[in-house]
1. Identify, please: which residue in the range 98-141 is of a type in the set (Lys, Arg) and within 18 Å of Met36 (Cβ to Cβ) and is, among those, surrounded by the fewest Cβ atoms within 10 Å (Cβ to Cβ)?
2. Name the single residue that is surrounded by the fewest Cβ atoms within 10 Å (Cβ to Cβ) among those in the range 7-29 being at pLDDT 55 or above and part of a loop (DSSP other than H, G, I, E, B).
3. Can you name every residue in the range 60-71 that is over 10 Å from Ala22 (Cβ atoms) and either surrounded by fewer than 14 Cβ atoms within 10 Å (Cβ to Cβ) or of a type in the set (A, V, I, L, M, F, W, C) (or both)?
4. Among the residues of the range 36-47, is any assigned to a helix (DSSP H, G or I) and at pLDDT 75 or above?
5. Please list, ordered by first then second residue, the pairs with beta carbon atoms under 8 Å, 6 or more apart or interchain, first in the range 86-109 and without any contact (Cβ under 8 Å) to a residue 40 or more places away in the chain and assigned to a helix (DSSP H, G or I), second loosely packed, with under 15 Cβ neighbours inside 10 Å and not aromatic (Phe, Trp, Tyr).
6. Looking only at the range 110-128, which residues are at pLDDT below 80 and either in a helix (DSSP H, G or I) or polar (S, T, N, Q) (or both)?
7. Looking only at the range 78-97, which residues are under 17 Å from Ala18 (Cβ atoms) and surrounded by fewer than 19 Cβ atoms within 10 Å (Cβ to Cβ)?
8. Across the range 96-120, what is the number of residues that are within 28 Å of Glu73 (Cβ to Cβ) and in contact with a helix residue (DSSP H, G or I) (Cβ under 6 Å, 6 or more places away or on another chain)?
Amino acid sequence: MSNDTKSRDRSLAKGIAAGLPAGLVGIVAKTLAERMFAPHASDQTGRPAATNGDRIAWEFGAITGATYGALAEYYPAATAKEGAAFGMALETLTHESPLPALGIALPVGSETMRERASELTSHVVYGLTVEFVRRAIRRIL
């Protein structure tokens, strides 16, 4: 069991309550990382990368964070590497098939090495941030 739930009972509600805002903070960190690593990147519409699907990003970040918070309550191994493993898994699960299939991301193999590195890095930043914030909130709850 992780340090933040060692002395407390596991709670689905508290896990979700800690994870949801952590996911939102994670989206802010991910967006900043994207701006830093690919400041001029754009999608097929020509919009800057940081503004792509803003609403979807916020909703997905909140839902993913809440899910992660719930998972961390009952499967502490999900928090491996301080959340970095979660970020890498999320990048793989989203960018390897669903997003390209929906036309939201470039098809696998068509990205430059820089774009690929930027995506992976920003997702690791997201995972690290979500775990840091989730853990802090969970200690309070």
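The values are calculated or read from the model by the stated rules, or taken from the named source; none is laboratory data. Remember, it's a predicted structure, so these values are computed and weren't measured experimentally. So basically every Cβ, Gly included, is an ideal-geometry build from the backbone, and we count neighbours across all protein chains shown.
1. Residues of the range 98-141 that are of a type in the set (Lys, Arg), as a first pass: 114, 116, 134-135, 138-139.
So of that shortlist, the ones also within 18 Å of Met36 (Cβ to Cβ) come out as 114, 116.
Details: Arg114: 11, Arg116: 15.
My answer is Arg114.
2. Result: Asp9.
3. Phe60, Ile63, Ala70, Leu71
4. Checking the range 36-47: at least one residue is assigned to a helix (DSSP H, G or I) and at pLDDT 75 or above.
5. From residues that are without any contact (Cβ under 8 Å) to a residue 40 or more places away in the chain and assigned to a helix (DSSP H, G or I), the pairs are His95/Val108; Pro100/Pro107; Pro100/Val108.
6. Ser110 - this is the single residue of the range 110-128 that is at pLDDT below 80 and either in a helix (DSSP H, G or I) or polar (S, T, N, Q) (or both).
7. Within the range 78-97, Glu82 is the sole residue that qualifies.
8. 1
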